[in-house]
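Peer 1: My structure is below; once you've seen it, I'll send some questions.
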Amino acid sequence: MFRITLFIITLLITFSSTASDEVSQQDEILDLNGAELGGDFTLHSSQGEFSLEQLRGKVVLLYFGYTKCPDVCPTSLAFLTQALNELSDDELKAVQGVFISVDPKRDNFQVLDDYVSYFHPNLMGVTGNDIEIAKVAKLYGAQYYEVALEGSAFGYAVNHSAVTYLITPEGELRFVFPHQTPSSVILEAIQYVLAGN
């Protein structure tokens, strides 16, 4: 059996605990068997309105986070970048990363563009208003909430689920990778789906 199919069975929700600058794992493991997660959505980027449907024909790697995240988001995006860097040029043309900011008060389009550009050219930043983001998060079972940071210039952090979602060229959620999934596994999943599996 293909080893990454294990990620279909369970969804491990982890949270970035920026207040303590550590990652804490929730005890809850969500079973994806029979769950109806995923779906099309519309948000906004520096290029205008963004719809997941625009990326039909490509493998999409979706991640919810925010640019002020001190550790979890950079780690997750670094693993994603490592996987993208291992793809051939032809494979890379068929893959798009999407970083959804859950902190629209601070993450404007310029901030998002600058942030994702540090990681990979095939990564784009999108966001929306609070209602729009909440709707997309609900579709994918993502969770996030603000935590006050006393004595910090940032004012608050955002604890958020830290998983990467792989969406097929047909727009269906196929794999969910827990935080710190090795880049080799993400790479294998991308190539597996690109091969039509």
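Peer 1: Could you please give the count of residues in the range 36-54 that are surrounded by 19 or more Cβ atoms within 10 Å (Cβ to Cβ) and either modelled with pLDDT of 95 or more or touching a Pro at 6+ places or on another chain (Cβ under 9 Å) (or both)?
Peer 2: Taking the range 36-54 as the starting set, the residues that turn out to be surrounded by 19 or more Cβ atoms within 10 Å (Cβ to Cβ) are 38, 41, 43, 50, 52.
Next, only the ones that are either modelled with pLDDT of 95 or more or touching a Pro at 6+ places or on another chain (Cβ under 9 Å) (or both) stay: 41, 43, 50, 52.
The number of residues fulfilling the criteria is 4.
Peer 1: Can you tell me how many residues in the range 137-162 are closer than 22 Å to GLU53 by Cβ and in contact with a helix residue (DSSP H, G or I) (Cβ under 9 Å, 6 or more places away or on another chain)?
Peer 2: Restricting attention to the range 137-162, the residues satisfying the condition of being closer than 22 Å to GLU53 by Cβ are 137-142.
Add one more test, that the residue is in contact with a helix residue (DSSP H, G or I) (Cβ under 9 Å, 6 or more places away or on another chain), and what stays is 142.
The number of residues fulfilling the criteria is 1.
Peer 1: I would also like to ask the following. All but one of (1) modelled with pLDDT under 95; (2) of a type outside the set (Gly, Ala, Ser); (3) assigned to a strand (DSSP E or B) hold for TYR63, so report the exception by its number.
Peer 2: (1)
Peer 1: Moving on to the next point. When you look at VAL185, is it surrounded by 21 or more Cβ atoms within 10 Å (Cβ to Cβ) and aliphatic (A, V, I, L, M), yes or no? Before you say what the answer is, go through the steps one by one.
Peer 2: Numbers: surrounded by 21 or more Cβ atoms within 10 Å (Cβ to Cβ): no; aliphatic (A, V, I, L, M): yes.
Here the answer is no, as VAL185 does not meet what is asked.
Peer 1: Right, another one. Which residue is surrounded by the most Cβ atoms within 10 Å (Cβ to Cβ), if the candidates are limited to the range 110-169 and must be among the aromatic types (Phe, Trp, Tyr), in contact (Cβ under 8 Å) with a residue 24 or more places away in the chain and closer than 15 Å to TYR66 by Cβ? Give the derivation first.
Peer 2: First, pick out the residues of the range 110-169 that are among the aromatic types (Phe, Trp, Tyr): 115, 118-119, 140, 144-145, 154, 156, 165.
Filter once more, so that each one left must be in contact (Cβ under 8 Å) with a residue 24 or more places away in the chain: 115, 119, 140, 144, 154, 165.
So of that shortlist, the ones also closer than 15 Å to TYR66 by Cβ come out as 115, 119, 144, 154.
On the way: TYR115: 22, PHE119: 18, TYR144: 20, PHE154: 11.
So the residue we want is TYR115.
Peer 1: Ok, one more. Can you confirm whether ALA94 is at pLDDT 95 or above, in contact with a helix residue (DSSP H, G or I) (Cβ under 9 Å, 6 or more places away or on another chain) and surrounded by fewer than 21 Cβ atoms within 10 Å (Cβ to Cβ)? First the steps, then the outcome.
Peer 2: On the way: at pLDDT 95 or above: yes; in contact with a helix residue (DSSP H, G or I) (Cβ under 9 Å, 6 or more places away or on another chain): yes; surrounded by fewer than 21 Cβ atoms within 10 Å (Cβ to Cβ): yes.
Judged against the criteria, ALA94 is a match.
Peer 1: Restrict the check to the range 82-91 and report whether at least one residue is within 28 Å of ALA157 (Cβ to Cβ) and surrounded by fewer than 21 Cβ atoms within 10 Å (Cβ to Cβ). Before you say what the answer is, go through the steps one by one.
Peer 2: Initial filter on the range 82-91 (within 28 Å of ALA157 (Cβ to Cβ)): 82-84.
When the remaining residues are screened for being surrounded by fewer than 21 Cβ atoms within 10 Å (Cβ to Cβ), the result is 82.
Checked against the condition, which is being within 28 Å of ALA157 (Cβ to Cβ) and surrounded by fewer than 21 Cβ atoms within 10 Å (Cβ to Cβ), the range 82-91 yields at least one hit.
The values are calculated or read from the model by the stated rules, or taken from the named source; none is laboratory data. The structure displayed is predicted, hence computed values, not measured ones. Counting neighbours? That spans all protein chains shown, and the Cβs are built from the backbone with ideal geometry, glycine included.
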